Each structure stands twice: as C-alpha cells, then as structure tokens.
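*Asks:* Quick one: structure below, then a few questions.
The values are calculated or read from the model by the stated rules, or taken from the named source; none is laboratory data. Because the structure is a prediction, the values reported are computed rather than measured. Note: ideal-geometry Cβ built from the backbone for every residue, glycine included; neighbour counts use all protein chains shown. Keep in mind that these areas ignore ligands, DNA and RNA; they rest on the heavy atoms of the full protein, side chains included. Shrake-Rupley method; radii C 1.70, N 1.55, O 1.52, S 1.80 Å.
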Amino acid sequence: MKLLRMLPLLLALHAPARAQADLARIQSLYDEGTRLYNSGERAKGVESFEEGLALARESGNALALRTFVSNLSLAYNFLNNFEKGLPLAKENLALARQTRDAGQVHGALLVLGQLSMGAGKYREAALVFSEMLELAAGLGNKPEMLKSLADIGVAWEKAEDYVAAIGAQEKALRLARELGDLSAQARALNRLGVNFNYQGDAEMALSLHKQAVALRRKLGEPKALGAALLNLGNAYDTDGDSPLALRAYREALDLARANDDPEGISQNLGNLGIIHNKIGEYQKALTYFEEELKSARGGGDKREIAGAMNNIGLVFSELGQMEKAEASFEGAADIFREIGNRSRLVAALTNLGNAEAKKGHEKTSRAQDYYAQALGEAQKLGIPNEDIQAAMADALMDGGDLICADVIFKRLGDPRRLGRLALGRKDFAAAAKSFESVLPYDLERRHADFLFVDYCGLGSAALGLKDYAKAADYFERAITRVEDQRYALADGERGRFFAAESNGFARIVPYKGLVRALAAQGNLDSAFRAAENLKARQLAEAIAKGRAQAALALPEEQRIEQSRLTDSLRAVRKQLESLFLAKKMTAYKAKEAELASGKKALADFVSRLRRSHPEYAAVNYPQPLGGSQVLLAPEETLLEFEVTPERTFLFILS
C-alpha cells in the first residue's frame with residue numbers, strides 16, 4: 001500500500017527549543033513508521049504513526065496532522081481495521097476539503113468509501129462514491145467516472161438495493177462501451193449478472209455472466225476470468241443446476257491455482273464446499289472447507305480464514321456435531337472481532353446462537369447470550385436484524401418462555417410465528433386465524449416453504465378444534481409439498497431431509513398429523529397407510545445417512561440417468577421460482593409443461609427400476625400399503641405402532 005510522502009519539516013530559526021524538538025520528533029516518528037510499515041512490520045509502523053499523530057495534535061502542526069491522519073486511514077484500511085480507520089478517514093476528508101485541492105479530496109473520498117464498505121456501511125459508501133462521480137464529471141474525466149459508477153453499483157449491491165445497483169452498473173456498461181474499454185464492459189456485465197441473480201432472474205443473470213466470461217476469455221485475463229466463472233457458477237446454483245455450478249467453480253479453481261491466486265483458490269474451494277453441503281455430501285463439503293482454511297492460512301488473509309472456519313462450523317452443525325460447530329464459529333467470531341469486520345461477526349455470533357439452540361432447551365440461555373451479542377452488533381451497524389430477533393424468539397418459545405417470545409413476535413409482526421405460538425398455548429382458533437391471514441399471499445407468491453408452514457399450522461389448528469376432515473385436508477396438502485420436494489432429491493440430499501424444519505415445523509409433522517386426523521374419523525385403513533408412508537420415508541433417510549446405500553447402489557448407467565432426471569427437475573423448479581418472481585408468466589406456463597414432462601420421465605424411470613432393481617426402488621421410492629393390502633397368512637397377526645406427539649396408535653392386522 002502506498003503511503004503519502006511528508007515533506008521534511010523545516011525548523012524555524014528563531015523557534016523555541018521545545019517547538020524545534022517537537023518538530024524533530026514528529027519527523028523522526030514519521031520516518032520510523034514509514035520504514036517499519038514498508039518493511040512489513042505494519043503494526044509497529046502504525047504505533048509510530050499514532051504517536052506522531054498525538055504529538056502533531058498537541059503541537060498544532062497542520063501539515064503533520066494531515067499527513068499522519070491520511071497515512072493512518074490508509075494503513076487501517078489495508079489492515080482491515082475498519083473501526084479505527086473510519087473516524088480518521090472522515091477527519092482526513094474534512095482536512096482535505098480545507099485545502100480546496102480536488103486531487104486530495106478525491107483521494108480522501110476513495111479511502112473513506114473503501115473503509116465504509118469494509119465496515120458494512122454500504123449506503124454511506126454509495127454516497128461517498130457518488131460525490132467522487134460528481135467530481136470526475138465536473139472535470140470531464142470519463143475514466144474516473146466509470147470507476148466511480150462501478151464502485152457505486154457495488155456499494156448499492158452490498159446494501160441489497162439491487163434496483164439502484166443495476167442502474168449504476170448499466171450506466172457503467174454504457175460508458176465502458178463508449179470508451180471501448182472491454183475489461184470494464186466485462187466487469188459491468190459481471191456485476192449486472194450478480195444483481196439480477198439476487199433478484200431471482202436467473203435467466204438474465206446467466207445471459208450476462210456468459211457474456212462476461214466470453215469477454216474475459218477474449219482478453220486473456222485469467223484472474224478476471226476466474227472471477228467471472230465464479231459468478232457464473234453462482235447463477236447456475238441459483239438456477240438449481242448443481243452440476244454446471246460445480247463445473248464452473250472447478251474451472252475457476254484451476255485458473256486460481258495456475259495463477260497463484262490465494263483469494264481465488266479460497267473462494268472457489270468455499271463455493272465447491274457450499275454446493276456439496278447443500279446437496280447433502282457433507283464429507284466432500286468438509287474436505288473442501290478444510291482445504292479452503294489451509295489455503296487462507298497460507299495466504300495470511302484473516303477474513304478468508306474466518307470465513308472458512310464459519311463454513312466448517314455450518315457442516316458440523318448439519319451433522320449434529322455441535323461441539324465442533326461451536327469451536328469453529330467461536331474461532332471465526334474471534335477473528336472477525338479482531339479485524340473489526342463487524343458485519344461478518346454478526347453472522348458468526350448468530351450461528352453460535354443457532355448451534356446452542358439446537359442442543360436443546362437447557363442451552364436456551366447461552367443461545368440467547370449469543371443472539372443478544374449479534375443483535376447489539378447489528379444495531380450498531382444499522383443493518384437488518386429481524387432474522388436475529390426471530391431466532392431469539394424461536395429459542396425462547398422452544399425453551400417454554402412463551403411470554404417473552406410473544407413480545408418479540410408481536411413486534412416483528414410475523415403471523416406464522418404468532419400462529420405457532422398460539423398452537424403452543426393451545427389457542428387453536430387464534431392459530432388458525434394467524435395462518436389463514438398469510439395463506440392467500442403465499443399461494444399468490446407460490447412460496448413452497450411458507451405454504452408448507454401454513455398447511456402444517458392450519459392442520460394442527462383444525463386438529464385441536466376437532467375438525468378432523470379439514471385437518472386431514474391441510475396435512476395432505478403439506479405432504480404434497482414435501483413429496484414434491486423430496487422426489488427430485490439425490491441420495492445425498494435425502495440423508496437429513498426429514499430432520500429439517502421450517503419455522504418450527506419438522507417435515508414429519510404433516511405425516512403424523514394425518515395419521516391422527518384419519519384415525520379420529522374412523523378411517524383406519526388410510527391411517528395405517530399414512531403411518532406406513534412415514535416409516536418408509538424415515539427408513540430411506542436412515543439408509544441415506546449411512547453407508548448401507550452402497551449395498552443397493554445402481555449400475556453406472558442408471559445412476560447417471562437418475563442424476564440427470566433429478567438435477568433437471570431441481571433446475572426447472574428453480575427456474576419456475578425465478579420466472580414467477582420476475583412476473584414472466586408466459587415463460588412460466590411453458591416451464592410448467594416442462595416440469596410435468598420431467599416428472600413423467602422420472603416416474604417412468606422409477607417404474608423401470610421397480611422391475612430391474614426392486615430393492616433399490618423400494619427403499620428410495622417407497623410405495624406404502626393400506627391395511628387392506630397387507631397379505632397375511634390365516635395364523636399371522638401384524639402389530640404396528642405409530643407414535644405422535646399427543647398419542648400412540650396401535651394397528652392390529654390379522
């Protein structure tokens with residue numbers, strides 16, 4: 001990092017001896033700090049600058065003050081110590097404005113913008129970069145205008161104002177084309193793709209990223225090509241196409257390794273781990289994350305080190321190894337705290353709270369401590385914190401503190417959580433009212449996870465109100481949602497499918513609820529079938545978790561076909577979500593037909609499996625029997641139990 005040069009301070013011939021001594025000491029501290037900093041002893045160099053700054057303030061030397069303030073803001077930015085750097089950068093800007101030197105003001109604005117970005121103050125950064133744009137425009141400096149537009153776009157992107165970000169990047173793209181700057185065009189296309197991806201428009205995102213990749217290949221810029229491939233992989237991931245995402249990340253990783261790019265290596269290892277974690281291949285994910293951590297440590301980037309530790313914690317959390325998860329999250333939190341990256345610290349503290357909450361009710365107080373720390377940091381930063389408050393209230397409710405949970409839920413105004421709270425109080429009428437209030441909206445938005453929650457909540461409320469027919473109807477709708485998701489999963493993804501929850505409702509809730517509702521109506525044959533349905537799926541999950549699946553492995557040809565069909569269905573579902581959010585209903589209807597065709601193709605494949613590999617099909621695509629379909633010898637009797645939260649059922653077949 002380049003530091004400012006301070007002109008030698010001339011000692012006044014008739015200055016008092018004390019003043020001359022101060023000036024000499026200031027110059028000495030500056031020289032010493034510069035030497036230490038530039039030789040790699042940055043912490044010691046910063047100490048010398050801090051001492052020099054204190055003496056400059058005391059002596060009232062304006063030149064020394066401006067020099068030390070400027071250099072320290074630069075140094076703290078380089079060292080990622082945003083908390084200490086920001087106040088100095090603001091002071092540096094005020095001092096630069098006094099000089100009326102446009103160059104100094106521009107430089108001070110740049111450092112302030114960078115420090116604001118590092119501290120998570122993205123809206124402030126966008127305003128700073130906007131002032132830089134005005135300065136450049138006033139001078140007619142189009143290359144600087146282009147840089148400022150790009151920075152503005154990234155700042156708004158980080159602030160999650162994707163409309164403003166797209167507006168800035170579109171202006172940057174037009175200006176880059178006007179200037180004939182192909183590299184800047186690729187950069188703008190890349191960021192536009194990222195923002196459209198965040199908005200859920202995967203089709204547009206993929207188109208933009210493919211253009212960016214093509215330009216980077218043409219320019220022969222391997223590091224920039226790697227970054228473009230990384231974002232292309234992200235778009236494929238959003239589109240539900242895990243194989244193409246993995247392919248893009250692997251090519252980006254190869255480029256990063258070939259060009260000795262530690263940051264690119266760490267990022268792509270992390271992304272490969274995230275994909276494998278998402279599809280249930282936890283050991284592969286852990287391997288990639290551990291390699292990411294090793295790479296980050298080799299590069300000495302503490303932010304990357306902490307990010308890798310956080311990722312490792314997420315895998316251990318998925319595996320239920322909470323002690324290891326907490327150790328990783330704590331390590332990440334310590335580093336984020338040390339380097340002043342408070343926005344990432346919020347995430348690490350929230351993960352610690354989640355890990356403690358998963359341990360059970362007796363750990364609720366520790367979970368609350370972590371959530372409170374995360375909330376405090378988020379509030380200081382002025383970033384959204386509703387998710388942290390909701391997690392706090394969920395943990396309180398699970399721990400039996402319904403009163404405190406109620407206060408938070410009412411403040412958040414979340415009808416689904418208020419509905420679950422009402423169920424906990426056995427106020428079934430209030431619960432039904434809460435879930436009914438959001439069902440039309442969720443149906444309109446076609447939000448699968450929220451609809452699952454709505455149907456589980458309405459079914460549970462109807463069960464409590466002894467409206468068993470309505471309860472059965474809602475539980476069957478919830479089961480349809482679950483089965484639709486599960487049917488297209490790969491083996492690795494099934495390992496923890498039924499262990500997952502959505503807003504406090506485990507995926508087994510509607511199955512158990514349906515057994516109760518059907519039994520209460522006297523429909524015992526269907527109740528038995530529902531109980532068998534749940535057992536079959538839990539058995540499949542148990543097998544998927546272990547290595548017993550290997551004994552029932554498919555031949556390579558069928559395995560590839562199964563993977564192709566399930567990947568295709570997953571991708572089409574993601575595309576449907578994107579098209580719906582983008583209100584592209586003509587394309588949505590066409591894609592619905594593609595989904596129906598994909599489901600039929602998978603059903604035909606499963607039908608063939610039932611003939612060629614009946615054991616595999618029975619476990620992975622179970623077809624439960626009703627009581628009347630169970631064939632028993634005259635002397636045989638079958639006893640089957642089904643345990644639900646409220647009661648246990650015994651089915652006797654003879």
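*Asks:* Taking the Cβ of L182 as the centre, find all other residues whose Cβ is under 15 Å away and add up their charges (Lys, Arg: +1; Asp, Glu: -1).
*Replies:* So the environment of L182 carries a net charge of +3.
*Asks:* Rounded to the nearest 0.05, what FRET efficiency do R425 and S563 give with R0 = 45 Å and r taken as the Cβ-Cβ distance? Could you check?
*Replies:* My answer for the efficiency is 0.45.
*Asks:* With the dipole of the range 43-189 worked out from charges on the C-beta (+1 for Lys and Arg, -1 for Asp and Glu) around the Cα centre, which of F49, Q185, V69 lies farthest toward the positive end?
*Replies:* Q185
*Asks:* To continue, here is another question. Amide H to amide H, which residues 5 or more places from A506 or on other chains are under 5 Å from it, using H placed in the peptide plane?
*Replies:* The list, which skips near neighbours in sequence, is empty: none.
*Asks:* Another question, if that's okay. Shape call for the range 385-485 from the C-alpha gyration tensor, a ≥ b ≥ c root eigenvalues: rounded (a/c under 1.5), prolate (a/b greater than b/c) or oblate?
*Replies:* Oblate.
*Asks:* Follow-up. Would you check the accessible area of K324, probe 1.4 Å, heavy atoms only, in square angstrom rounded to 10?
*Replies:* K324 exposes around 110 Å² with every protein chain in place.
*Asks:* Among the listed pairs K359/K380; K433/K466; K302/K358; K358/K433; K278/K324; K278/K358, which are separated by more than 21 Å between their Cα atoms?
*Replies:* Listed pairs above 21 Å: K359/K380; K302/K358; K358/K433.
*Asks:* Where does each of D334, D22, D387, D449 land when they are ordered by accessible area, with a 1.4 Å probe and the largest first?
*Replies:* Output order, biggest surface exposure first: D387, D334, D449, D22.
*Asks:* With N set to the residue count of the range 40-139, report its C-alpha Rg divided by 2.2 N^0.38 Å to two decimal places.
*Replies:* 1.08
*Asks:* For a quick protection proxy, order the peptides 66-75, 129-138 by their average other-Cβ count within 10 Å, most packed first.
*Replies:* Descending packing order for the listed peptides: 66-75, 129-138.
*Asks:* Please find the FRET efficiency linking L63 to A21, where r is the Cβ-Cβ separation and R0 is fixed at 22 Å, and quote it to the nearest 0.05.
*Replies:* About 0.80, to the nearest 0.05.
*Asks:* Share of the range 407-461's accessible area from carbon and sulfur, percent, 1.4 Å?
*Replies:* 55 percent
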